[in-house]
Amino acid sequence: MIKLIHGFYNMDTNTVELTYNGGSVLAIDCEEVENAYDVTNGQMADLDGLLYNAPMEYASLVLSGEMENYLKGPALHGIEETAENSV
């Protein structure tokens, strides 16, 4: 059985690196992932927060195919303007 034993964000290569038992490593290229979506500046701020503070959650979103649903959800950073705020 393959088991994830470690994961971290590598700032030098802009990848989330996952290490599994047996020594296999999966590197997720964050720029490639984010280029696949029409990411706003606010969404990028949320994704950067995940990368720095919860890289395993970022990897989980990518590997489960839930990144698009995450990006459609409410912003976590609090800088998105709504129509009500811009009047």
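Below, the figures for the structure above:
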item	result
Accessible area, probe 1.4 Å, largest first, for residues VAL16, VAL25, VAL39	VAL25, VAL39, VAL16
Solvent accessible area, Å² - THR19, 1.4 Å probe, full protein context	40
The chain, helix-only ellipticity at 222 nm - DSSP H runs n ≥ 4, -39,500 (n - 2.57), divided by all residues, nearest 500	-11000 deg cm²/dmol
Heavy-atom SASA rank of ASP48, ASP38 (probe 1.4 Å, accessible area, largest first)	ASP38, ASP48
For the stretch 1-82, size of Cβ-based charge dipole, Lys and Arg +1, Asp and Glu -1, in debye	420
Whole-number accessible area per residue in Å² for the stretch 31-75, which is evaluated in the context of all protein chains at 1.4 Å	60
Rounded to the nearest 10 Å², the accessible area of TYR9 at probe 1.4 Å	40
Using θ = phi - 60° and Karplus 6.51 cos²θ - 1.76 cosθ + 1.60, couplings along the stretch 33-49 (whole Hz; Gly, Pro as x)	4, 5, 5, 6, 10, 8, 8, 7, 4, x, 5, 5, 4, 5, 5, 4, x
The chain, accessible surface, carbon-and-sulfur percent (1.4 angstrom probe)	51
Accessible heavy-atom area order of ASP12, ASP46, highest first, probe of 1.4 Å	ASP12, ASP46
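The values are calculated or read from the model by the stated rules, or taken from the named source; none is laboratory data. Given the structure is predicted, the values throughout are model-derived calculations rather than measurements. As a convention, Cβ positions derive from the backbone with ideal geometry for all residues, glycine included, and neighbour counts pool all protein chains shown. Note: accessible area is taken over every heavy atom of the protein model, side chains too, but ligands, DNA and RNA are not part of it. Shrake-Rupley method; radii C 1.70, N 1.55, O 1.52, S 1.80 Å.
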